[in-house]
Every structure is written in C-alpha cells, then in structure tokens.
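One structure below.
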2 protein chains.
Amino acid sequence: MSSITFRRAAPDDLMALVALLADDPIGSGRESAGTDPCYAAAFSAIDDDPNQLLAVAERAGRVIGVLQLSFIPGLTRRGMWRGQIEGVRVAAGARRDGVGRAMLEWAIEECRKRGCGMVQLTSDKRRTAAHGFYEALGFRATHEGYKLAL
Amino acid sequence: MSSITFRRAAPDDLMALVALLADDPIGSGRESAGTDPCYAAAFSAIDDDPNQLLAVAERAGRVIGVLQLSFIPGLTRRGMWRGQIEGVRVAAGARRDGVGRAMLEWAIEECRKRGCGMVQLTSDKRRTAAHGFYEALGFRATHEGYKLAL
C-alpha cells in the first residue's frame with residue numbers, strides 16, 4: 001500500500017469530498033450534487049474559521065478520505081480544549097485497508113498538537129461496525145449523543 | 001418566580017461560573033479554584049471566537065445558570081450548521097424550578113437564529129435524570145458519544 005498523506009482541503013477538492021459524503025448508506029439520502037452552492041458556502045465558512053480543519057487523506061494523488069476537526073475552547077475541566085471529529089468518510093475502494101485508522105490517528109495527533117485534553121465524536125447507533133473501530137482506537141462510549149433537528 | 005434573563009457572559013462572571021461548574025457531582029473533582037489562571041485564559045479563547053457563545057442565566061441580579069453554545073459549520077447534510085450545547089449547569093438553589101428548561105429553550109432558539117439545522121449535545125450516561133429532561137425537549141439519543149482523554 002503506497003503511503004497516505006494528510007492535508008487541509010482546498011476548494012478544488014470540493015466535488016470529490018461531496019461525492020465521498022454521498023457514498024455512504026446513511027449519508028446518501030442527505031446530500032445533493034457537489035455543484036449545489038450550499039457546499040461552496042459551507043467550505044468557505046469552515047476554511048475561514050481558524051478553529052476548523054477540514055482534512056483530506058490522499059494516496060497516489062487521489063483523495064481517499066475526509067474528516068473535519070473542530071477545536072473547541074471551553075471553561076469545564078479547567079479550561080480544557082476539545083478536539084471534535086465529524087464527517088469521517090473513506091472512499092469505497094479504500095475501506096478495510098487501514099485508511100480509517102490512519103486518518104483517526106492523524107486527527108488525534110493534530111488535537112494533541114493544538115493542546116486539546118480530549119478528543120470526542122458521536123457515531124450513529126446504527127453504525128455498529130464503526131463502534132468497535134473507535135473503541136480499538138481508545139475511545140469510550142461514556143456519553144449519550146443527543147440530536148434535535150430544527 | 002421572577003423572570004430569567006439570558007446574556008453573554010462577561011469577565012466579571014468568571015468566579016461565579018467556575019463555582020457553578022464545580023457544584024456538580026460529576027464536575028466537582030474536575031475543577032479548581034476560580035482564581036486559577038486557566039479559567040481566564042479559557043474565557044478569553046471563548047469570548048474571542050465569534051462561533052462560541054458562553055451564556056449566563058440571571059434572576060434577580062444573580063447568575064443561576066451557565067451553558068456554552070458552539071456554532072459549527074460543516075459540509076455534511078448539505079452544508080448544515082450545527083449548534084452544540086456544552087457545560088450546562090444550574091445553581092443548586094434554582095434546580096427543579098424550570099430554569100434548566102428555560103435555558104435550553106433559549107439556547108435552541110439562538111441556534112435557530114444562527115441558521116443551524118441541528119442542535120446537539122452529549123450527556124454522561126451516569127446523568128440518568130438529565131436524559132428524560134433532554135428527551136422532553138425533543139432531543140433523541142440517536143448517537144453514541146465517544147470520548148478519548150489525551
């Protein structure tokens with residue numbers, strides 16, 4: 001397997017990223033075409049915020065994964081910063097190949113570099129295969145993840 | 001019950017806020033004195049970030065509650081913004097008085113005003129009393145909340 005590199009997403013990645021988000025059993029019904037201007041607006045909002053990092057994983061010049069990191073300051077736990085991971089996706093052809101694990105390990109290290117005391121994420125209870133994956137990385141499901149659609 | 005008002009936290013609130021965070025069965029062992037400079041640094045980081053809102057609830061001139069809102073841009077779900085609620089605490093003397101419900105309803109409305117399509121929070125699985133409270137507000141525990149201490 002050739003090596004995987006990680007970098008901040010660029011505007012030119014947007015079509016590939018939206019395709020990755022849509023290529024997912026749960027995500028497919030929630031996305032539209034990459035040309036929908038909602039995605040360019042969202043990309044700018046993320047890119048303009050120094051506490052957001054939209055990251056892509058590349059192998060042999062091809063984008064094979066995406067995730068978003070949010071660095072969140074807070075008062076609790078002695079003013080601890082949290083790193084939050086959202087929207088993790090690996091390209092269909094690259095799954096079961098250690099890519100997801102490499103991406104998460106990279107993301108955890110980025111959180112450490114930014115001084116975070118905790119990394120957190122929520123995972124849909126239907127994604128049972130993902131749960132063992134996060135637990136193997138050291139995550140513990142100590143919390144209920146509540147969502148309210150507006 | 002006199003009326004509750006909500007406002008952005010000010011530096012002068014810091015001692016009262018840290019006391020609120022520490023007056024909690026789970027939080028008590030995780031906080032230090034409000035004079036610890038870690039809290040002033042955290043307050044500045046939150047206050048300087050336009051996507052963070054540390055809010056206090058006041059009644060009769062006294063701070064009786066605190067919560068933090070984070071507004072998070074994202075690519076998923078057609079570039080949906082998320083409102084995230086963290087560090088919800090109500091003063092001991094004001095619990096079981098509708099204060100928590102009023103705070104959450106205010107926070108949800110703030111998320112709506114900012115254009116969020118979802119409000120999310122995680123709640124420690126040990127806080128069983130809080131779970132019915134969030135469900136009564138319309139939240140659903142559809143996700144596992146994973147945490148990894150660094």
Discussion item. Quick check: from the Cα gyration tensor, does the range B:1-55 come out rounded (a/c under 1.5), prolate or oblate?
Written reply: oblate
Response to the item:
The size of the Cβ-based charge dipole (Lys, Arg +1; Asp, Glu -1) of the protein assembly as shown about the Cα centre, to the nearest 20 debye, is 740 debye
Worksheet item: Do any cysteines in the protein assembly as shown lack another Cys Cβ under 4.7 Å, and if so which?
Response: A:Cys38, B:Cys38
Worksheet item: Classify the protein assembly as shown: rounded, prolate or oblate, from the alpha-carbon gyration tensor (a ≥ b ≥ c, eigenvalue square roots; a/c under 1.5 rounded; otherwise prolate if a/b is larger than b/c)?
Response: prolate
Practice prompt. Look at the axis of the rotation that sends chain A onto chain B, then give the chain A residue with the nearest Cβ and the distance in whole Å.
Written response: A:Gly145, 2
Worksheet item: Would you list B:Lys113, A:Lys125 from the most to the least accessible area, probe 1.4 Å?
Response: B:Lys113, A:Lys125
Discussion item. Given an 8 Å cut-off on Cα distances and at least 6 residues of separation, report the relative contact order of the range A:26-96 as a percent.
Written reply: 20 percent
Worksheet item: Could you give, in nm with one decimal, how far B:Ala149 is from each other copy of that position, shortest first, with labels 7 Å out from Cα toward Cβ?
Response: 3.7
Practice prompt. Can you tell me the FRET efficiency between B:Thr128 and B:Ala40 if r is taken as the Cβ-Cβ distance and R0 is 41 Å, rounded to the nearest 0.05?
Written response: 0.75
Worksheet item: In Å², what does the accessible area per residue of chain B work out to with a 1.4 Å probe?
Response: 43 Å²
Worksheet item: Given Cα pairs under 8 Å that are at least 6 residues apart, what percent is the relative contact order of chain B?
Response: 19 percent
Worksheet item: Can you flag which of B:Lys125/B:Lys147; A:Lys125/B:Lys147; B:Lys113/B:Lys147 are past 19 Å Cα-Cα?
Response: B:Lys113/B:Lys147
Response to the item:
antiparallel share of DSSP beta bridges within the protein assembly as shown, to nearest 5, in %, is 90 percent
Worksheet entry | Estimated 222 nm signal from helices in the protein assembly as shown, with DSSP H stretches of n ≥ 4 weighted -39500 (n - 2.57), rounded to 500 | -9500 deg cm²/dmol
Discussion item. I'd like the accessible area for B:Ile72, computed on protein heavy atoms only with a 1.4 Å probe and all protein chains in place. Round to 10 Å², please.
Written reply: 10 Å²
Discussion item. Please report the accessible area of B:Leu21 (heavy atoms, 1.4 Å probe, ligands and nucleic acids excluded) in Å², nearest 10.
Written reply: 0 Å²
Worksheet item: Percent antiparallel among DSSP beta bridges with both residues in the range A:64-150, to the nearest 5?
Response: 65 percent
Practice prompt. May I ask you to report, in nm to one decimal and beginning with the shortest, the distances from A:Gly98 to the same position in the other copies, taking label points 7 Å along Cα-to-Cβ?
Written response: 6.0
Item to complete: Just the number, please: buried accessible area between B and A, total of both chains, 1.4 angstrom probe, nearest 100 square angstrom.
Response: 5700 Å²
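Give the shape of chain A as rounded, prolate or oblate, defined through the alpha-carbon gyration tensor: a ≥ b ≥ c are the square roots of its eigenvalues, a/c under 1.5 means rounded, and otherwise the shape is prolate if a/b is larger than b/c and oblate if not.
Values: a/c = 1.32, a/b = 1.23, b/c = 1.07.
Rounded, since a/c falls under 1.5.
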Fill in: Cα centre as origin, Lys/Arg/Asp/Glu Cβ charges: the range A:1-78 dipole, Debye
440 debye
Practice prompt. Give the percent of DSSP beta bridges with both residues in the range A:17-131 that are antiparallel, rounded to the nearest 5.
Written response: 80 percent
Discussion item. Suppose every Lys and Arg Cβ carries +1 and every Asp and Glu Cβ carries -1, with no other charges. What dipole size does the range B:79-150 come out with about its Cα centre, to the nearest 20 debye?
Written reply: 100 debye
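For chain A, which whole percent of the accessible surface, found with a 1.4 angstrom probe, sits on carbon and sulfur atoms? Please report the intermediate quantities before stating the final value.
Working: 3410 of 6520 Å².
Ligands and nucleic acids excluded, carbon and sulfur give 52 percent.
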Worksheet item: Probe 1.4 Å, all protein chains in place: accessible area of B:His143 in Å², nearest 10?
Response: 20 Å²
Fill in: Positions from the range B:110-132 whose accessible area shrinks by 20 Å² or more when the full protein complex is built, not the chain alone, probe 1.4 Å
B:Arg112, B:Gly117, B:Met118, B:Val119, B:Gln120, B:Leu121, B:Thr122, B:Ser123, B:Asp124, B:Lys125, B:His131
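The values are calculated or read from the model by the stated rules, or taken from the named source; none is laboratory data. The structure presented is a predicted model; accordingly, all values stated were derived computationally and were not measured. As a convention, Cβ positions derive from the backbone with ideal geometry for all residues, glycine included, and neighbour counts pool all protein chains shown. Remember, those area values only see protein heavy atoms, side chains included, never the ligands or the DNA or RNA. Shrake-Rupley method; radii C 1.70, N 1.55, O 1.52, S 1.80 Å.
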